[in-house]
1. If you line up the long axis of helix 254-269 against the longest principal axis of the chain, both from Cα atoms, how many degrees apart are they, to the nearest 10?
2. Could you give the angle, 0 to 90 degrees to the nearest 10, between helix 58-68's Cα long axis and the longest principal axis of the Cα atoms of the chain?
3. What is the mean projected area of the alpha carbon convex hull for the range 221-286, to one decimal in square nanometres?
4. Could you pull out the longest piece of the chain with no exposed loop trypsin sites (Lys or Arg not before Pro) in it, calling a site exposed if DSSP puts it outside H, G, I, E, B and it has at most 14 other Cβ atoms within 10 Å?
5. What is the Cα convex hull volume of the range 56-158 when expressed per residue in Å³?
6. Of the candidates TRP246, TRP233, TRP166, which one comes out as most mobile in a Gaussian network treatment of the chain with C-alpha springs shorter than 10 Å?
7. Roughly how big is the range 45-111's charge dipole about its Cα centre, with Cβ charges of +1 (Lys, Arg) and -1 (Asp, Glu), in debye to the nearest 20?
8. Which of HIS88, HIS42, HIS200 moves the most in a Gaussian network model of the chain with Cα springs under 10 Å?
Amino acid sequence: SHYFEWQVRYMKLWAEQVEQPGKVTRLLSATKMDHLKDIPTHVSASYDFRKDHYVPYNKPLSVSQWLATGQVVEDVIIIIDPDCCFVHKVDIMVQEGAPVAQPAFYSFDVNKPNSVPNQIARRYCPKCAFVDPIAVPIIVHRRDIEKIAPLWLSKTEQMRKEKDTWPNAWSNASLSPITLGWTAEMFGYVFAAAELGIRHEIHDLQVVAPVHKRLAAPFIHYHVAVPVGNRKWHKANVDAATNIPWPLSPDIDEVTAMLITRLHNASVTLPPTGHEWTQSYYQPMV
């Protein structure tokens, strides 16, 4: 889609600029390859949305299909979303059975047994000895993610099949920030890893503009609106890739300054693809 085109191109550029070891592989859920021929891509079959129209199914499904090709030889894999900006290279090496991941926005607090995350864990991971409150980025050994990915999908399907029976607080944003209707895939990964006994070390791998003010992680995740002076930049805007606030005011925090600078430089460095979009901003072409 037009929405993802610039995010993927910018991420690949940023990875090259920080001299990130390894290669970027885009997982594209589609019927065929698109026009971004210069980006290493694995094309995966999309989930059958006739069963349940929940787009995040494509994340575990595409990871499973990519690994099943037998062409992935790297031992260490970093799973990130397209809306992540490299600040500096990531050279964390993990061993099998010891992945590293970003802390999630929620927790499984033992002192709050009736919290929404703990309620969800009791239903969908009842025999788990632990549950890790994690999110992307995830740095994981190939043999671990080969085991996790199929179960990640099935755990997500299990939760979604029962969505009509969820307590209101699980999916109502006015009652809890969990909003399981969207985050089921995130919990699916957590429960899959827990059932397999794969425990994560939790590290700060990303910061978020404008939540954080100091650069203290290798990624900036730009999934929310970013105030810049008297404007707000948001990735969801149809002109997000080119209408970037510039120049910056001197009093801006360093996380926002880094993100907006990287976005501005990428927009100048990368020429438009010239692709003619006939669909809406979010609608996929293939």
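Read-outs: derived from the displayed coordinates by stated rules, not from any lab. Given the structure is predicted, the values throughout are model-derived calculations rather than measurements. Reconstructed Cβ throughout: ideal geometry from the backbone, glycine too, with neighbour counts over all protein chains shown.
1. Between helix and principal axis, roughly 60 degrees.
2. So the helix axis and the longest Cα principal axis differ by about 90 degrees.
3. On the way: hull surface 21.4 nm².
Over all viewing directions, the range 221-286 projects a mean Cα-hull area of 5.3 nm².
4. Details: sites that count: LYS23, LYS32, LYS37, ARG50, LYS51, LYS89, LYS127, LYS213, ARG214.
Longest run free of exposed loop sites: 128-212.
5. Working: hull volume 13.7 nm³, N = 103.
Taking only Cα atoms, the range 56-158 has a hull volume of 133 Å³ per residue.
6. TRP246
7. Its charge dipole is roughly 220 debye.
8. Comparing HIS88, HIS42, HIS200 in a Gaussian network model of the chain, the most mobile one is HIS88.
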